[in-house]
1. List every residue pair whose Cβ atoms lie under 8 Å apart, where the two residues are 6 or more positions apart in sequence or sit on different chains, the first residue falls within the stretch B:33-49 and is more than 7 Å from chain A (Cβ to nearest Cβ), and the second residue, located anywhere, is part of a loop (DSSP other than H, G, I, E, B) and surrounded by fewer than 17 Cβ atoms within 10 Å (Cβ to Cβ).
2. Being within 14 Å of chain A (Cβ to nearest Cβ) and open to solvent by 10 Å² or more (accessible area, probe 1.4 Å) is true for just one of B:68, B:63. Which residue is that?
3. What is the number of the single condition among (1) at pLDDT below 85; (2) surrounded by 20 or more Cβ atoms within 10 Å (Cβ to Cβ); (3) of a type in the set (A, V, I, L, M) that residue B:51 does not meet?
4. Taking the stretch B:75-101, which residues are under 16 Å from the mean Cα position of the chain (by Cα) and not aromatic (Phe, Trp, Tyr)?
5. If I ask for residues that are crowded, with 21+ Cβ neighbours inside 10 Å and either free of Cβ contacts under 8 Å to residues at least 24 places away in the same chain or among the polar types (S, T, N, Q) (or both), which ones from the stretch A:96-109 would you list?
6. Within the bounds of the stretch A:83-92, is there any residue that is in contact (Cβ under 8 Å) with a residue 12 or more places away in the chain and over 23 Å from residue A:148 (Cα atoms)?
7. Within the bounds of the stretch B:17-27, is there any residue that is modelled with pLDDT of 90 or more, closer than 19 Å to residue B:269 by Cβ and either within 14 Å of chain A (Cβ to nearest Cβ) or open to solvent by less than 30 Å² (accessible area, probe 1.4 Å) (or both)?
8. Out of all the residues in the stretch A:136-146, which are exposed (fewer than 14 other Cβ atoms within 10 Å of the Cβ) and farther than 18 Å from residue B:49 by Cα?
Amino acid sequence: MYNDKDAKKIVDIIQSYARKHSLWVVAYGTGCGAIEIPPTMTSRYDAERFGIRGSATPRQADVLLITGYLAVKTLKRVIRTYEQMQAPKFVMGFGSCTINGGMYWDSYNTINALDRYLPVDVFINGCMPRPEAVISGFIKLQQLISEGKAEGAEKYLKNLEWYRENQNKVIPNWNMPDYNW
Amino acid sequence: MEINWSSVIGIVATPVIAFIVGVLYGGAVRKITARVQNRYGPPITQNLFDIIKLYSKKTAIQHGVMQHLGPVFAITASVTSLYFIPVIKDSPYFQNFSFNGDLIFLLYMMVFGSLGMALGAGQTGNPNSAIGVSRGLSQMVGYEIPFVLALVAIMIQFKTTSLNELLAVQDHFTNWIIFQSPLAFVAGILAFLGMMHYAPFDVVIAPAEIASGPPSEFGGKYLGLMMTSGSIFAFVKLVLFVDIFLGGASDFITLIIKTFLLYMIPVLTGIVSPRFRTEQSILFFWKWPTFIGILAIIVVVLNG
């Protein structure tokens, strides 16, 4: 038991428990789904009882919640926000628009699948998902964290070239700093 | 050289106790806020989870030496001021470094953490940090004046600057300084509202307004260090006020009861209040609290 390197140490158990029960969310609310965030956070549905709290800046945040469609112009800001967050960090796609484009699937300036540009850990489907669905998405994320499967940040770093290629395809004037900032 | 083991144990135990009590108080405040807003609220240990999570972040970005040192300054100031306050009255374990004249030293030491944070936040280059720092330092000029006036009134009245001697004066319930010098207590408690940074005086950390102000560029371990320091510093301020005005505490249960009741004054004021603008906040402290503080000194001097 003492030499088993794959065994979970007690520190890991404490860390994953704390990570699971303390999710600070930066809600990127430019899509229409942003209207579902206030009832989720306030007294009707009260997400704070699960340790889910809004965060003021990306530097302090753990979860990036993309609420709905992303225009090409906002995608650039989302990527910038995501890269400012500190690992371990998680992305949640919210609504049909982040899965396949939803009702904007043939629009000229929105992206269809968020998964091609950022590593999404949990998708919540629906147009738009109710607060119960949002909270169940967070519970799913908590499960993934405690199982050690929410490794979006590592996936992004490992496949950075592929993500950059996809991002560069849709964003014409790419003048952003490197990843290490 | 003979080692005084009881003080060694005290030196090790004091910051740990302060941290645990401060963190649980922070969680209790979140729970109480939630109940007032008709929510269920997070568990009382939520702040502890937050701090552990922040310490276990895998990356922590920093933009320079001062940003690295800012949170370190903050926690140094918190723990140092804690060591100069007798936490438990007449206990051999918790005297730590308290000495004659420690009130004046504490007045300086309690500002040190904020100044360190200001230097650290200044280097991040975030405009919200700069606004937060300027707000924080302006507000500090506001509430330090009634606070110092209240302390000076007490120093003149009891002709001492030592916390231990002040505790010795308050040997009975009727001799508490809150009853011997009520004007100084009023000035002090109004300054205390500003020191705790709850609404309506939360102009520094205004999350919806300036994106949490000074710590807006701090993430991961730096933010964890700042939260740790904040928890300890809340305990420091509470124990200081209990020692000065409420007769100290001779055991832990009394300490918890007194500090918690004192803590509820800024918290409950905060829950039902909106936020002042910075100049309103400073003007508030420069009007009635300052006037009452001056009045306290005049009364003390006239009574001779």
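The values are calculated or read from the model by the stated rules, or taken from the named source; none is laboratory data. Just so you know, these numbers come straight off a predicted model, no measurement behind them. For neighbour counting, all protein chains shown are included, and Cβ atoms are generated from backbone atoms with ideal geometry for every residue, glycine included. Protein only, heavy atoms only, side chains kept; ligands, DNA and RNA dropped before computing areas. Shrake-Rupley method; radii C 1.70, N 1.55, O 1.52, S 1.80 Å.
1. Partner pairs satisfying both residue conditions: B:36/B:272.
2. Details: B:68 fails: within 14 Å of chain A (Cβ to nearest Cβ).
Exactly one residue qualifies, and that residue is B:63.
3. Every condition holds for residue B:51 apart from (1).
4. First, the residues of the stretch B:75-101 that are under 16 Å from the mean Cα position of the chain (by Cα): B:75-87.
B:75, B:76, B:77, B:78, B:79, B:80, B:81, B:82, B:85, B:86, B:87 - these are the residues of the stretch B:75-101 that are under 16 Å from the mean Cα position of the chain (by Cα) and not aromatic (Phe, Trp, Tyr).
5. Matches in the stretch A:96-109: A:96, A:98.
6. Filtering the stretch A:83-92 down to residues in contact (Cβ under 8 Å) with a residue 12 or more places away in the chain leaves A:83-92.
Right, trim to over 23 Å from residue A:148 (Cα atoms) and you get none.
Taking every residue of the stretch A:83-92 in turn, none turns out to be in contact (Cβ under 8 Å) with a residue 12 or more places away in the chain and over 23 Å from residue A:148 (Cα atoms).
7. yes
8. Residues satisfying the conditions do not exist here.
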